[in-house]
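Structure first, commentary second.
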Amino acid sequence: MRQAGAVVAEVLSELQKVAKPGMTTAALDAIALRMTAAAGAEALFKGVRNAQARQPFPGAICASIDDEVVHGIPSDRVVLREGSILSLDFGVRLNGYCGDAAVTVPIGRIAEGNERLLRTTQDVLAIAIDRVRPGVRWSEVAGRMQRHAESAGFSVVRDFVGHGIGTKMHEDPKVPNFVSDELLADDIVLAEGMVLAVEPMINAGTYAVRTLGNGWTVVTRDGRCSAHFEHTLAVVKGGCEVLTRK
């Protein structure tokens, strides 16, 4: 899983460097595919199916712009523009094991409000990294994440959450970034050896989202921007190891 995580980190690092105004999201996808093949890995998202969509997911990356929360489809018709924010979500399978991470990057100069949204979402993920350790209940971690986001005036997406990860991309348990009655009724006690993909999705406005007609791309209901950061975390003695950090 460290090896898979290292590939994910390398690809996302490169995509962050080259994502500039005028570039298409298809060009970013092509870079991710090329680097994945060179590493001897398999693009985790490409070909995934869901019940709402007519076709499997076509890209190696999810490229979600501005009010797109997750699952933006890379396209040669989608050109990055100055002032936008771009969420890049990417995963691989290598030697039977998975890694998954996401980052939101500014395209050129962005509005101060969006800069604050990105910083806050990064901080929310950092809270999880700091708090994850054996014996801790996930509701305690999620509560701190939620309070930080909401105290900054933002909202935490409810419809999509993090997840366990291993030989499959999505494994139990579900890992929400907020506290709910469902979580409190069946809390997760973190244990050494667990590996979790923790991925706060934070909206500038309401947490309500909807899915576009393509069956994949999720957008905010109010049209305001969203940010997404994710790391694959292994619970280890005394804390956690970030497997997708370069």
Conditions (1) out of contact with any helix residue (DSSP H, G or I) (no Cβ under 6 Å at 6 or more places or on another chain); (2) small (Gly, Ala, Ser); (3) farther than 22 Å from SER64 by Cα: number failed by ALA208: (3)
Please verify whether THR36 is of a type outside the set (Gly, Ala, Ser) and over 19 Å from HIS231 (Cβ atoms), treating the condition exactly as stated. no
Kindly provide the set of residues from region 95-123 that are charged (D, E, K, R) and either buried (at least 24 other Cβ atoms within 10 Å of the Cβ) or without any contact (Cβ under 8 Å) to a residue 24 or more places away in the chain (or both), ordered by number. ASP100, GLU112, GLU115, ARG119
Find the residue count for region 7-45, including only residues that are out of contact with any Pro (no Cβ under 7 Å at 6 or more places or on another chain), assigned to a helix (DSSP H, G or I), in contact (Cβ under 8 Å) with a residue 40 or more places away in the chain and of a type outside the set (S, T, N, Q). 9
Qualifying strands (runs of 3 or more DSSP E) (wholly inside region 146-211; at least 2 residues being touching a strand residue (DSSP E or B) at 6+ places or on another chain (Cβ under 8 Å) and surrounded by fewer than 21 Cβ atoms within 10 Å (Cβ to Cβ)): 162-164, 171-175, 209-211
Considering region 60-94, residues that are of a type in the set (Val, Ile, Thr) and within 15 Å of CYS225 (Cα to Cα), and then whichever is surrounded by the fewest Cβ atoms within 10 Å (Cβ to Cβ), we arrive at ILE65
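Each value in this text was obtained by applying a stated rule to the coordinates, not by laboratory testing. Remember, it's a predicted structure, so these values are computed and weren't measured experimentally. Note: ideal-geometry Cβ built from the backbone for every residue, glycine included; neighbour counts use all protein chains shown.
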